[in-house]
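The structure appears below as structure tokens.
No value in this document is a laboratory result; all are computed from the given coordinates. Keep in mind that this is a model prediction, so the values were computed, not measured. Using ideal geometry, Cβ is built from the backbone for each residue, glycine included, and neighbour counts are taken over all protein chains shown.
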Ligand SMILES: *Cc1c(COP(=O)(O)O)cnc(C)c1O
């Protein structure tokens, strides 16, 4: 654990203080990026930290302290969420033991398992985001990977129960915490061994960079992943790492507003006759609500809803003035897409995945209400 990690402090306090170094007179509060491929290194090279730019960098270490404090573990930053996922699945899998990944989660994770592990003789098992289905599939595995909430259907699974079941089976429990953010959920506290996340979403939050991380409960696992990163070169640029750290200061401000907007939109959508389904973990009556109340601090900024068909969904997106039509989520601007356009998720043609931004709630509600009216044709 990091010395400064104090999960009892409020989310904004923790965000703005995360990874900020001790005061040095005349030094900046958050030091700028260290842009270096090589460092001065005379004599015996052993025992030094900064020897070459692929091994380590002071800007990464500051960001890793910040993420480690928020997740309550030992963080290793990567070039992207996928680089972090590949490090865990390829770097920690064991010969002869299957891995279990979600059938309904982030498609890239499934691809690593099926195209790269299965192709090398490691069985890639799939299970939906459902506690019983996961428990029934985990015998013999070395890694159990869950995504809670799942993307895009926003199902939850009990992290504590699955940590116990995974450990009983001798497996590591890995939780993709991208959707929840470390302010919304801390899986390591709930018993998970590793958290993996894309920092490209809420963590950085400005839709301007790609980054990923792993946070480990045990320092030994973090060391193995750091060694993998050095060997494969799946490293973030120092400038991206610095921008990420700068963005974390406002994580709580942004995410709190985004969650408020998402909750208000979920209410609005639930009252519309053309919307046949709304999924939002915070919505009264949502299948994820009870579990969210047990293991999450925030319900999140992502919601899913279903319009009658593809044309209706496209008209809605075209006629909104505020919703940015884009994939990805977690940014400052409200964005949405018709998820079935990709063809890789099991969702109806009219399923919209919407990521609430930080706009004023009344403005957003007015725009979405108007766009729904105009989408009727
Ligand atoms: C975006 C995303 C990833 C991949 O992260 P990148 O930074 O795009 O590589 C992994 N998991 C989830 C749930 C994501 O949303």
Requested in this report: Kindly list the residues of the range 42-60 that lie in the label zone of residue 230, defined by a backbone N under 13 Å from the point 7 Å along the Cα-to-C-beta vector.
Outcome: 45-57
Query raised in the report: Say each of residue 327 and residue 223 gets a label point 7 Å from the Cα, pointing the same way as Cα to Cβ; how far apart are those two points in nm?
Result: 3.9 nm
Query raised in the report: Out of 45, 33, 236, any idea which swings most in a Gaussian network model of the chain, alpha carbons joined below 10 Å?
Result: 45
Report summary line: dims of the range 281-377, Cα set, principal axes, largest to smallest, nearest Å -> 41, 32, 24
Query raised in the report: If you take the Cα Rg of the chain and divide it by 2.2 N^0.38 Å, with N the number of residues, what do you get?
Result: 1.00
Report summary line: Inter-part gap, Cα centre of the range 341-377 to Cα centre of the range 132-158, in whole angstrom, is 28 Å
Query raised in the report: Got a sec? How would 82, 231 order by Cβ neighbour count within 10 Å, fewest to most?
Result: 231, 82
Query raised in the report: What percent does the relative contact order of the chain come to when contacts are Cα pairs within less than 8 Å and at least six residues apart?
Result: 16 percent
Query raised in the report: Scaled to the compact-protein estimate 2.2 N^0.38 Å, what is the alpha-carbon radius of gyration of the range 232-303, rounded to two decimal places?
Result: 1.50
Query raised in the report: Could you give the nm distance between label points at residue 130 and residue 26, where each point is 7 Å from its Cα heading toward the beta carbon?
Result: 6.6 nm
Query raised in the report: With labels modelled as points extended 7 Å from the Cα through the Cβ direction, what inter-label distance (nm, one decimal) is found for residue 272 paired with residue 373?
Result: 1.3 nm
Requested in this report: Taking the Cβ of each residue in 69, 131, 321, 94 as the centre, tally the other Cβ atoms inside 10 Å and list the residues starting with the fewest.
Outcome: 321, 94, 131, 69
Report summary line: Ranked by GNM mean-square fluctuation in the chain (Cα springs under 10 Å), the top entry among 253, 172, 194 is 253
Query - Area projected by the alpha carbon convex hull of the range 266-314, averaged over all directions, nm² - result: 3.7 nm²
Query raised in the report: Arranged by the count of other C-beta atoms within 10 angstrom, fewest first, what order do 39, 280, 299 take?
Result: 39, 299, 280
Report task. Over the range 81-178, calculate the relative contact order: mean separation of alpha carbon pairs under 8 Å at least 6 apart, over the residue count, as a percent. Result -> 28 percent
Query raised in the report: Rounded to the nearest 500, what is the chain's calculated 222 nm mean residue ellipticity when only DSSP H runs of at least 4 contribute -39500 (n - 2.57) each, over all residues?
Result: -10500 deg cm²/dmol
**Report entry** Computed Rg/Rh of the range 134-234, alpha carbon atoms with Kirkwood Rh
**Finding:** 0.98
Report summary line: Note on the range 297-377, DSSP bridge orientation, antiparallel percent to nearest 5 equals 80 percent
Requested in this report: Could you calculate the FRET efficiency of residue 362 with residue 8 from 1/(1 + (r/R0)^6), where r is the beta carbon distance between them and R0 is 35 Å, rounded to 0.05?
Outcome: 0.55
Query raised in the report: Which residue, 118, 27, 169, has the most motion in a Gaussian network model of the chain that connects Cα atoms within less than 10 Å?
Result: 27
Query raised in the report: Just for the chain, what percent of DSSP beta bridges are antiparallel, to the closest 5?
Result: 60 percent
